[in-house]
1. What is the calculated FRET efficiency for ALA21 to ALA127, with r their C-beta to C-beta distance and R₀ = 56 Å, to the nearest 0.05?
2. May I ask you to derive the FRET efficiency for HIS166 and ALA265 from their Cβ-Cβ distance with R0 = 25 Å, giving the value to the nearest 0.05?
3. Quick one: net charge around THR199, please, counting Lys, Arg +1 and Asp, Glu -1 for every other residue with C-beta under 13 Å from its C-beta.
4. What does the accessible area per residue of the range 153-286 come to in Å², with a 1.4 Å probe and no ligands, DNA or RNA counted?
5. Using a Gaussian network for the chain with springs between C-alpha atoms less than 10 Å apart, which of these wobbles most: GLY11, GLY160, GLY336?
6. Fully extended, how many nm does the chain gain between HIS159 and VAL188 (0.36 nm per residue separation, minus their Cα-Cα distance)?
7. Counting other Cβ atoms within 10 Å, which trypsin sites (Lys or Arg not before Pro) in the range 42-88 have at most 15 and lie in a DSSP loop?
8. How tilted is helix 53-73 with respect to the longest principal axis of the chain? Cα atoms for both, answer in degrees (0 to 90, nearest 10).
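The values are calculated or read from the model by the stated rules, or taken from the named source; none is laboratory data. Since we're looking at a predicted model, the values are computed, not measured. Here the Cβ is made from the backbone with ideal geometry for all residues, glycine too, and neighbour counts use every protein chain on show. For accessibility, only protein heavy atoms count, side chains too; no ligands or nucleic acids. Shrake-Rupley method; radii C 1.70, N 1.55, O 1.52, S 1.80 Å.
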Amino acid sequence: MHIVIGAGVIGASLAFHLARAGAPVAVIDAGRIGGGTSASSFAWVNSHNKAPRAYHDLNVAGMRAHADLRAAFGHAPWWHGGGTIEWEGIAPEAYRRKIALLQSWGYAAQWLDHDQLRALEPDIDPAAVGDAPVAFFPDDGWVDPVVYSHALLADAQRHGAKVFPHLAVTAIRRQGSRVVGVTTADGVSHDADVVINCTGRWADQAALPAALRIPLAPSAGLMVFTPSLAHGVQRVIFSPRVHIHPDGAGRLLICRNDLEVAADAEFDSRSPEVTGLLAAAREVLPLLRGVDAEALRVGVRAIPADQFPAVGPSPDTEGYYSIVTHSGVTLAPFLGAAAADEILNNAVRPELETFRPRRFFL
């Protein structure tokens, strides 16, 4: 039995690949499917600022795996393409160098003039862009993480996987240096050949032995959701002061990735952070004038201590594997496939060698 702890985008991706390979799988999550880290994400699929090259390439592999997954399913209601429009007026020359570097790495990026920008996103106010250089990244997109997680777990269940939401893992069971299963909050012991930690921002929780925890440096961001609006926004808008994408049924999701807040912070419509984000968004999209937030959410990002993914077995421990990363939405389909290959076939995937958990235990 392969026990996957966590039913978000990472756990769902791994369970999908394990089950399709014929392996017995049980997915256990303390909450609802996709309801943890995944549910509080901007969910942008991209590889814009993912240096060094090995990390950039890993994210590009994630983007390609998303395309392969869409082809496998035929209908992929979780995926929203259209690319990203981005501009930078504060440091335009540095931005031009960034785009040139991405293009030299083979990343799809092209410059837009104002007419091309207006054709793609007519709701953007050209005055908000000014004379800043504008780039378009056609292969980018965004994902509905809960729809994604449900679809992959439903497929895994059709291939024999068992899914246990609302059931917390309270202990990792070991015999000597080998992990042999888990104990859950109902007092039941579950035997396992391999236990895989896909718990995101809970990867260093107290229920895990110290030697199996992934050290984290999480950060939290504020997300503002509008009511349903009559708008034509079709893609991710990444402006210097605010980031926006559609969120279904006419809603827009508004945030700023570098605006960090306390994980336990509480906001209302009068909070300066909320009014500031809305003010910045109104400059970009005048249709938001007079529109207030319908919902607010704080998302806590699962970031290992050195900012890079932790994927693979723990040192000096058998039967235990971790997949913990920021950019989990971008990376999920690739990491699910690569980790399943390593777990089932004893493969050693070279794409993951830079990102092994052992670096935290040296």
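1. Calculated value: 0.55.
2. So, using R0 = 25 Å, E works out to roughly 0.45.
3. Here the charged neighbours net out to 0.
4. 45
5. Taking springs between Cα atoms under 10 Å, the residue moving most is GLY160.
6. 8.0 nm
7. Hits after loop and neighbour filter: nothing returned.
8. Long axis of 53-73 versus the principal axis of the chain: about 80 degrees.
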